[in-house]
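Participant: I have a structure here, written as structure tokens, and I will follow up with some questions on it.
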Amino acid sequence: MRPKIYLFGDSITEESFGDGGWGASLANHFSRTVDVVLRGYSGYNTRWALKVVDRVFPAAESSGAAAALAVTVFFGANDACLPDRYGAFQHVPLDEYKRNLHSIVASLKKRWPSTLIILITPPPIDEVQRIRHPYVENPLRLPERTNEAAGAFAKACVETAGECGISVVDLWTRMQHYPDWRNAFL
């Protein structure tokens, strides 16, 4: 059996195997050497992910399954929905988000102590486009997410990675270093 890299996250992860997606790029890069396995759940936040984390990965000892080579954990975009807007059902308070990330990491480390775990921050939000192209009817014409809120969750994700002693990809910060990031990446 080839080693495995698991991608665990929300719809950004679920859709990552589409044309030009980051999951597809990883699978292509590691073709014939590593299996890239998708565990993306559209609409999920860390609260919901915590409820399934122990069921969506194979048990460490099951059928001689080897430990995963790496696991990416990419949640926060839905957690950062504003609590007073139409996406409120997905909102998770910032302190709970951090606790949930800690618990997800602890679960993965318990299952596979030697596995590389990488947190990925939520990406930045283009509020103008969220208003222009809402996912559901938006009579208030206000975004259900803001870049400021996503930034707070990104910062919490970076802090959590440091507290857990694991790696992090800070998408929120890195994407905004590029001119015209809204049109280039979103």
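The values are calculated or read from the model by the stated rules, or taken from the named source; none is laboratory data. What you are looking at is a predicted structure, and each value in this text was computed from that prediction instead of being measured. Please note: Cβ atoms are built from the backbone with ideal geometry, for glycine as well, and neighbour counts cover all protein chains shown. Each accessible area value is taken on the protein alone, full model and side chains, heavy atoms only, with ligands, DNA and RNA left out. Shrake-Rupley method; radii C 1.70, N 1.55, O 1.52, S 1.80 Å.
Participant: So is THR13 outside any strand (DSSP E or B), more than 20 Å from ARG99 (Cβ to Cβ) and more than 14 Å from the chain's Cα centre (by Cα) or not?
Facilitator: Working: outside any strand (DSSP E or B): yes; more than 20 Å from ARG99 (Cβ to Cβ): yes; more than 14 Å from the chain's Cα centre (by Cα): no.
Judged against the criteria, THR13 is not a match.
Participant: Could you identify the single residue in VAL158, VAL168 that is under 13 Å from the mean Cα position of the chain (by Cα), of a type outside the set (Ser, Thr, Tyr) and either in a loop (DSSP other than H, G, I, E, B) or more than 25 Å from ALA88 (Cα to Cα) (or both)?
Facilitator: The conditions single out VAL168.
Participant: Separate question: Looking for something more than 30 Å from MET1 (Cα to Cα) and of a type in the set (S, T, N, Q) - is there at least one such residue anywhere in region 62-72? Walk me through how you get there before you give the answer.
Facilitator: Keep residues of region 62-72 that are more than 30 Å from MET1 (Cα to Cα), which gives none.
Checked region 62-72: no residue is more than 30 Å from MET1 (Cα to Cα) and of a type in the set (S, T, N, Q).
Participant: Looking only at region 174-186, count every residue that is loosely packed, with under 14 Cβ neighbours inside 10 Å and part of a helix (DSSP H, G or I) and tell me the total.
Facilitator: Total meeting the criteria: 2.
Participant: Moving on. Do we have ALA70 as touching a residue at least 60 places away in the same chain (Cβ under 8 Å), in contact with a strand residue (DSSP E or B) (Cβ under 8 Å, 6 or more places away or on another chain) and within 22 Å of TRP172 (Cβ to Cβ) here?
Facilitator: Values: touching a residue at least 60 places away in the same chain (Cβ under 8 Å): yes; in contact with a strand residue (DSSP E or B) (Cβ under 8 Å, 6 or more places away or on another chain): yes; within 22 Å of TRP172 (Cβ to Cβ): yes.
So ALA70 passes the test.
Participant: Is it the case that region 145-161 has a residue that's surrounded by fewer than 18 Cβ atoms within 10 Å (Cβ to Cβ), over 18 Å from ILE12 (Cα atoms), of a type in the set (A, V, I, L, M) and touching a residue at least 60 places away in the same chain (Cβ under 8 Å)?
Facilitator: Yes.
Participant: Could you say which residue among ASP79, ASP84, ASP19, ASP95 is closer than 26 Å to GLU163 by Cα and either in a helix (DSSP H, G or I) or more than 12 Å from the chain's Cα centre (by Cα) (or both)?
Facilitator: The unique qualifying residue is ASP95.
Participant: Give me the pairs: first residue in region 29-57 and more than 18 Å from GLN90 (Cβ to Cβ), second residue among the polar types (S, T, N, Q) and open to solvent by less than 70 Å² (accessible area, probe 1.4 Å), beta-carbon distance under 9 Å, and six or more apart or on different chains, which are they?
Facilitator: LEU38/THR13; LEU38/SER16; ARG39/THR13; ASP54/SER107; PHE57/SER107
Participant: Same structure, new question: Those residues that are in contact (Cβ under 8 Å) with a residue 24 or more places away in the chain, more than 15 Å from ARG85 (Cα to Cα) and not hydrophobic (A, V, I, L, M, F, W, C), I need them from region 115-144; list them, please.
Facilitator: Listed by number, the residues that qualify are THR115, THR121, PRO122, PRO123, PRO124, ASP126, GLN129.
Participant: Out of VAL56, VAL36, VAL71, which single residue is assigned to a strand (DSSP E or B), over 15 Å from LEU119 (Cα atoms) and out of contact with any Asp or Glu (no Cβ under 6 Å at 6 or more places or on another chain)? Step through it out loud before you land on a result.
Facilitator: Details: VAL56 fails: assigned to a strand (DSSP E or B); VAL71 fails: over 15 Å from LEU119 (Cα atoms).
None of the others qualify; the one that does is VAL36.
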